[in-house]
1. Note down the magnitude of the dipole of region 1-86 about its Cα centre, charges +1 on Lys and Arg C-beta and -1 on Asp and Glu C-beta and zero elsewhere, to the nearest 20 debye.
2. Using a simple spin-label model with points 7 Å from Cα along the Cα→Cβ vector, what separation in nm is obtained for Phe62 and Leu17?
3. If you project the alpha carbons of region 31-134 onto their three principal axes, what span does each projection cover, largest first, in Å?
4. Exceeding 28 Å between C-alpha atoms, which entries from my cross-link table qualify? They are Lys190/Lys289; Lys248/Lys275; Lys248/Lys283; Lys101/Lys131.
5. Regarding region 80-155, what's the average projected area of the Cα-atom convex hull, expressed in nm²?
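Read-outs throughout are calculated quantities, based only on the coordinates presented, and are distinct from any laboratory measurement. Bear in mind that the values here come from a model prediction, so they are computed numbers and not experimental data. As a convention, Cβ positions derive from the backbone with ideal geometry for all residues, glycine included, and neighbour counts pool all protein chains shown.
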Amino acid sequence: HYASIAVEQKNVCTVQLFIERFPSILNSNILAFACTHGTAEIVEKILSAGFRRNIGKAAGLFLKMNNKEDALDIAIRQYDESDDERRHTLVTCVQYANAVKMGMPALDPGYPVTIAAIGLVPRRILGSLLKLYAHEVENTNQSGKHAIVKAIQMSMKENQYHTLPSIFKSENFINACGSGKIELVHQLLKKRVQHSTEELSSEHSENFSYKERNALDVAIDLFDKKDNSRCEILRTCIQYANAANLGKKSPSSNYPTILAAVGLVPTQTLLIIGKQYRHEIRKMDCTGKFALKKVLRMAEEETTYATRLDVRCQYPLSISIKRVKLSSSLETIPQ
């Protein structure tokens, strides 16, 4: 009760004193109350203490109140881009929620607000934050921008259903991938720009049996990290499949392979690709790496959720997904 009065009077020092003397209040609705009646500074003090003390539900952010709202819900509902106090309150909540979500041991003061907000706020608010904090990401290199766009698309469930290039169902192309002929794979993809799939499929091909399969499936099944040709065939298929999903005929030269692979290959293969092509990640700047880690974390969450549904026979998965955490991928992204 007294702590709430201090929050309402916006007395930062008194709130800090209550937190230090009576840390149990962090398990109450004090944070939600501060989001409604306090200041961004008071919210930060409460969240910082909750984060240090490992208070459950993301330092108290996701503790539901009687009206079924949590502190983050309240900060989102009250957001007003023209009101600095409400904007800073939401940004503070988002930064701490993201830190917990990403498994960060401490809040990173250099973490971009725009990337932290992805997947945590509604589209309308994300658009507002992208506009207000554009300076955080405008100087990132192209591969970093690819990662930011991918994260935003994943958060909005865009490009959720992948459309493969038509050539991936061509018998010739499937056979080229199956036989490990990387030169032929490149040749057929180059011809694709000038010719239709029907013309390509009329050419002579060796006989392999891949009923009801596409070239990406075959490349995944035959992938061998010790075989350079197999690695290059899978990388090529991933890049072209991702380009098609983005509405392009051919992939960008600076699109990281691990980023293109998210949503296209099983988790175990994704982990191997991350290690195989880590040199591409090293070219990304700090902002790009933050965005890439966010994409991988979101992919991990989607995979875990889908697998749980599949185990309960609630939702049949279209591909075999092994329950392997992506945390090792996140840890090995070069700083």
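1. On the way: 10 positive and 12 negative charges, 109 e Å.
With Lys and Arg at +1 and Asp and Glu at -1, about 520 debye.
2. Here the modelled spin labels are 3.5 nm apart.
3. Reported extents, whole Å, longest axis first: 34, 30, 22.
4. Working: Lys190/Lys289 31 Å; Lys248/Lys275 26 Å; Lys248/Lys283 23 Å; Lys101/Lys131 24 Å.
In this structure, Lys190/Lys289 exceed 28 Å between Cα atoms.
5. Details: hull surface 20.4 nm².
Its average projected convex-hull area is 5.1 nm².
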